[in-house]
Structure formats: C-alpha cells, structure tokens
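Read the structure below first, then the notes.
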C-alpha cells in the first residue's frame, strides 16, 4: 500500500514570507517523512487552507492546492495510506476547515492520519516557550507583547497554556494578546501598565507562523487601529520585530515531531464490498425521481443505461469526450474525460467506458464513498447490477441472473422477452 504525505499551512501569497517562514516548516516535515526508508519515493503534496492566499497566488499564475484537492491528487497518484501534517499554530477556524476536508476525503483511503496543530499540548507549550525565551531575551524594563490571530475554545486555551509556560520560565515580561479572543488589546495594555513604567520602550511582535498581512496591517502597521499605533497613543516607544515562528529551528523540529504523533481519522462508514459472483442478487426497486445519476462512457451500453435512468425521472449526467447528443429530458452530456470527484453527490453511478483503468477508478472511488456503482466490464467490481428492464403501463419488472456468466445472460434475455410480451 503506497504511502503519501500532505503538509498543510495557513499560507501567504507574499514570496518573502513563504520563503522565510512557510517553506522551512514544510521542508522540515518532508525531511522527517523521507527519513523513513520506506517513504523515500512516496508522493508528497503541499496545501494552503487560506482561500485568500490561494486566490492571490492564482492571479499570478501559481497554483497552490487546497487540502481536499491535494488529497485527491495523492489518491490519483496511487496513495492509499496518507498522513496530513498541519503547521497551523492552534486549533482555530483554519484548522477546523482542514479537519473537515480530511474527514470528507478519508473514505477514499485505507488509512488517513491527521496531526494536531503545533500548539496542542503542555509539551508543545513548553517547547515554544523555551524557543521564545531564546529568541527574545529578557531586556529589563522593556515589556514584550506577542500578538496571535486568536481562536475560541481549545485554540484559546493553547495561548493560555503558552502564557503559563512563559511565566514558569520566569518571563513575566512577555504578554500574549490576541486579535480575536481573550485577551484583547484593552486587557493586555492594562497588564503592561501594571508591570512597566509609563513611557518605557515596548517590544511588539506577531505570535504567528508567518509575519505577513495580518502582522503588518493589524499589529505592526501605522494605521490607527493597529496595536503599534494604540500603544504609541498610550505613550509607549514601540520597537517592532517582524518575526515568524516558522523561521525558528525549534518550531521546525516541533512540526516534524508532530508527524510521528498524527492520529488516525475515522471516516465512520466502511466502503461498500465488491460483489462475489457466486452470490445471488437481491432485486431492489428504488425511487430515482430527481436523483442525480452519473454515466461514465456513452457507448452502446452507457447510452442504454442513461436513457433507462432518465425514463425513471433521474437527472442523468453523461461524461464522454466523444458523446453524441442524447434526446430526451433529464440527460446532460459533458464532452470530456472523467475526473475524480465527478461522482460526488450521485445516488448511483454507471461505469461503461472502453477503458478498463477508468472503469476501475470509478468503481473504486464509488465503493469507498458508498455510492452504488455498476461496472459494465467487471461484474466483480459492481455494488449493484442493472437488470434487464421490462416496462408496462402498470408494472415494472427487472430480471437478473444469479451469476453473471454467458449462460446466465442468455437466460435473462429469454426471460425478459417473455415478460415484456406479457406486459404489452
């Protein structure tokens, strides 16, 4: 089973920030992954959770994947055992979005592991506190204020744990504040005033993986709403440091260590089993009115399947680069090749191309996503079977053989013909 790695970051579109703060973290995780001899040639992808950063990069012609798309690429590359490492600092909105994307794609894989954010335990807090202590040494009479993005719930507790770890190191001169959440600026300045002389110099820095847009605009900038301007308005001489935690070797090692502790993501629902030919096929009638159905491949078999589904009021999408127009309502033709993900949201799928690899891909994805699939050239890959349809004004019948061999097909054809005569 092929392994793979996905390294995720919040991301930034600023080249210098990416080079200084994001790429070193990603490289550290990839190096730790490659250190296992079994992973030497395993596929690796990088993804950003920030839609704004991805969009800005796309406008410059550079594509950085979102986590869901990156997982799809790894699946297409043959990966079935994937580890997703987060370089987000805390469990906030961005990490929650990552977790949802990973959970949604988990059924495609045999095993999916997801690491916790970098600041997720008491041990993490102590590692980061020691790094801050080393990189921002004590300056008597100069309070230090570190400002993070902020989060709620578990994420906010992580910042509190870091503050506690700094206090335990004797760094009562360092005060953590948050752009969103507790403590905000008003509370931080009261603490600073209680421990510092009026008008003293104050060191202000972002507590973020990358010093980029938020840091420059909301913390270090000269706009009236920035933390720098508000401290200066209160009489402090502010010295700023545009640091990013991702540049620190200690934080890079912390990210690499989280690779080993990534936890298995439970998709909650097992894949549908493939059919065994010796099993009898249970006849089941379902209402497909308004349901989205997909037919991949529009040869003779695919066309018959599409028309049959449309007769039962399904909304049928047909995908085939050479597809001809199909008359009748309820059928939409897409003249292109099948792409992984086309089956999303479908009630059932038919794979009927003349390409065994494509049919197998469709079958495997649908089976893992628990979407019923009928595969024209591989009965053993089907999770449902298209019967020979016998339709009359009042009755509908379907005929299928107990086994999918040639003799069974001939028997089905004779039985279906006889039933159709009865229904006329």
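Every read-out reported here was derived from the displayed coordinates using simple, explicitly stated rules and does not represent laboratory data. Just so you know, these numbers come straight off a predicted model, no measurement behind them. Ideal geometry is used to build each Cβ from the backbone, glycine not excepted, and the neighbour counts take in all protein chains shown.
Would you list 105, 187 from fewest to most Cβ contacts within 10 Å?
Details: 105 26, 187 13.
In increasing order of surrounding Cβ atoms, one gets 187, 105.
For the stretch 122-246, state the average projected area of the convex hull of the C-alpha atoms over all orientations, rounded to one decimal in nm².
6.9 nm²
Among 411, 57, 128, what is the fewest-to-most ranking by other Cβ atoms within 10 Å? All intermediate terms of the calculation are to be shown ahead of the outcome.
On the way: 411 14, 57 20, 128 24.
Sorted ascending by nearby Cβ count, the order is 411, 57, 128.
Could you tell me what percent of the DSSP beta bridges with both partners in the chain are antiparallel, to the nearest 5?
On the way: 6 of 53 bridges.
The answer is about 10 percent antiparallel.
Which of the following values of volume of the Cα convex hull per residue in Å³ was calculated from the structure shown: (1) 174; (2) 137; (3) 148?
Among (1) 174; (2) 137; (3) 148, the one calculated here is (1).
Using a 10 Å cut-off on Cβ atoms, rank the peptides 414-423, 10-19 from the highest mean neighbour count down.
Highest-to-lowest ranking by the protection proxy: 10-19, 414-423.
Using the Cα gyration tensor of the stretch 155-197, with a ≥ b ≥ c the square roots of its eigenvalues, what is the shape: rounded (a/c below 1.5), prolate (a/b larger than b/c) or oblate (neither)? Could the numbers behind the result be given before it?
Working: a/c = 3.32, a/b = 1.07, b/c = 3.10.
It is oblate, given that a/c is not under 1.5 and a/b is not larger than b/c.
State the antiparallel share, in %, of DSSP beta bridges confined to the stretch 284-424, rounding to the nearest 5.
Counting DSSP beta bridges with both partners in the stretch 284-424, the antiparallel share is about 20 percent.
Binned at 5 Å from 0, what are the whole-percent values of the Cα-Cα distance distribution for the stretch 32-178, short to long?
Reading the bins upward from 0: 2, 8, 15, 16, 15, 14, 12, 9, 5, 2, 1, 0.
If only Cα atoms are counted, what is the Rg of the stretch 294-424, and what is its Dmax, in Å?
Gyration radius and largest Cα-Cα distance of the stretch 294-424: 14.9, 43 Å.
At a Förster distance of 22 Å, what's the computed FRET efficiency of residue 200 paired with residue 241, Cβ-Cβ distance as r, to 0.05? Don't skip to the answer; put the middle values down first.
Values: r = 17 Å, r/R0 = 0.75.
It comes to 0.85.
For the peptides 132-143, 68-79, what is the packing order when you average, over each peptide's residues, the other Cβ atoms within 10 Å and list the highest mean first?
On the way: 132-143: 14.2, 68-79: 19.0.
For the peptides 132-143, 68-79, the packing ranking is 68-79, 132-143.
How large is the convex hull of the Cα atoms of the stretch 5-113 per residue, expressed in Å³ as a whole number? Present the calculation step by step, with values, prior to reporting the outcome.
Working: hull volume 11.1 nm³, N = 109.
Given the Cα convex hull of the stretch 5-113, per-residue volume reads 102 Å³.
Can you figure out the FRET efficiency of residue 370 with residue 16, using R₀ = 30 Å and their beta-carbon distance, to the nearest 0.05?
On the way: r = 46 Å, r/R0 = 1.52.
FRET efficiency, residue 370 to residue 16: 0.10.
Pairs of Cα atoms under 8 Å, at least six residues apart: use those to get the relative contact order of the chain, whole percent. Working shown, then result.
Working: 811 pairs, mean separation 55.4, N = 424.
Rounded, it is 13 percent for the chain.
Give the distance, in whole Å, between the Cα centre of the stretch 339-416 and the Cα centre of the stretch 62-138.
38 Å
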